[in-house]
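To start, the structure itself, in C-alpha cells.
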Amino acid sequence: MQYCLTLELKNDPELIATYEQYHSPKQVWPEVISAIRDSGITDMAIHRVGTTLIMILQTDDSFSFTEKEKQDAMNPKVQQWECLMEQFQNVDSTNQQSKWQLVERIFSLEEQTG
C-alpha cells in the first residue's frame with residue numbers, strides 16, 4: 001500500500017536547514033530507522049516544497065497506523081526523536097493528530113488504464 005502525508009515546518013530557513021540535516025543520509029538515528037522498518041514500512045521518502053513536507057510511505061500488509069503509533073509510544077528513542085523534531089514543526093504538541101496529515105488519493109494512473 002502507498003500513503004502520502006503532509007506536515008508544516010516553521011517558516012524559518014535556519015530551522016528548515018537543520019531539519020534537513022537531521023534527515024540527510026546516515027543522520028537519522030538507527031533506532032528510529034529500525035522502528036520504521038519494523039512497523040511494516042518498506043520505503044519512505046520525505047519531500048519539501050516551501051515549508052510543506054510531503055511523506056510517501058510504501059508498506060506491506062502488516063502495516064497499521066494504529067499499531068505504529070502504539071509501538072512508537074513505547075519506544076524511548078523514537079519519543080526522544082519526535083520531541084527533537086517538534087522544534088522544527090509547526091504543530092500543536094498537545095494534539096499529535098494534527099502532526100502528519102494523511103492525504104486522500106484522488107487519482108491513480110494504474111486505475112485509469114486497468
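The values are calculated or read from the model by the stated rules, or taken from the named source; none is laboratory data. These figures come from a predicted structure and were not determined experimentally. A quick note on method: Cβ atoms are made from the backbone with ideal geometry, for glycine too, and the neighbour counts reach across all protein chains shown. The protein model used for the area step is the full one, side chains on, heavy atoms only, and it has no ligands, DNA or RNA in it. Shrake-Rupley method; radii C 1.70, N 1.55, O 1.52, S 1.80 Å.
Observations, loosely collected:
- Using R0 = 30 Å, the C-beta based FRET efficiency linking Thr52 and Gln112 works out to 0.70.
- Dividing the helix sum by the residues of the chain, where each DSSP H run of 4 or more adds -39500 (n - 2.57), gives a mean residue ellipticity at 222 nm of -11000 deg cm²/dmol.
- For the pair Asn90 and Ala17, the difference between a 0.36 nm per residue extended length and the Cα-Cα distance amounts to 24.8 nm.
- Lys10/Phe65 FRET efficiency (R0 30 Å; Cβ-Cβ; nearest 0.05): 0.75
- The fraction of accessible area contributed by carbon and sulfur in the chain is 50 percent, rounded to a whole number (1.4 Å probe; ligands and nucleic acids excluded).
- Calculated on the alpha-carbon coordinates, the convex hull of segment 30-104 measures out at 110 cubic angstrom per residue.
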